[in-house]
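Student: Quick one: structure below, then a few questions.
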Amino acid sequence: MPCGKGKSSKAISENIRRLIHKGYPQKQAIAIAYSEAGLTKKIKKGKK
């Protein structure tokens, strides 16, 4: 999927940009990019 490799924030943001350009929703692109980098990203949810 993402072309760039690495765990740096620059590599992750580049992968997110490419995934969004391919048509993925923003949240899904973020999840894929962090997963490919072997990291996790906690996303804040709104109050219930």
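Derivation of every value follows stated rules applied to the coordinates shown; laboratory data play no part. In this text, all values refer to a predicted model and were calculated from it rather than measured experimentally. A quick note on method: Cβ atoms are made from the backbone with ideal geometry, for glycine too, and the neighbour counts reach across all protein chains shown.
Student: Residue pairs, Cβ under 8 Å, 6 or more apart or interchain, first in the stretch 21-33 and in contact (Cβ under 8 Å) with a residue 12 or more places away in the chain and closer than 18 Å to Gly4 by Cβ, second of a type outside the set (Ser, Thr, Tyr) and not in a helix (DSSP H, G or I). List them.
Tutor: Every condition considered, the pairs that remain are Ile30/Lys41; Ile30/Ile43; Ile32/Met1; Ile32/Pro2; Ala33/Pro2.
Student: Can you name every residue in the stretch 5-25 that is small (Gly, Ala, Ser) and assigned to a helix (DSSP H, G or I)?
Tutor: Scanning the stretch 5-25 gives Ser9, Ala11, Ser13.
Student: To continue, here is another question. Which members of the stretch 1-30 meet the condition of being of a type outside the set (Asp, Glu), out of contact with any Pro (no Cβ under 7 Å at 6 or more places or on another chain) and surrounded by 16 or more Cβ atoms within 10 Å (Cβ to Cβ)?
Tutor: Within the stretch 1-30, Pro2, Gly4, Ala11, Ile12, Ile16, Tyr24, Ala29, Ile30 meet the criteria.
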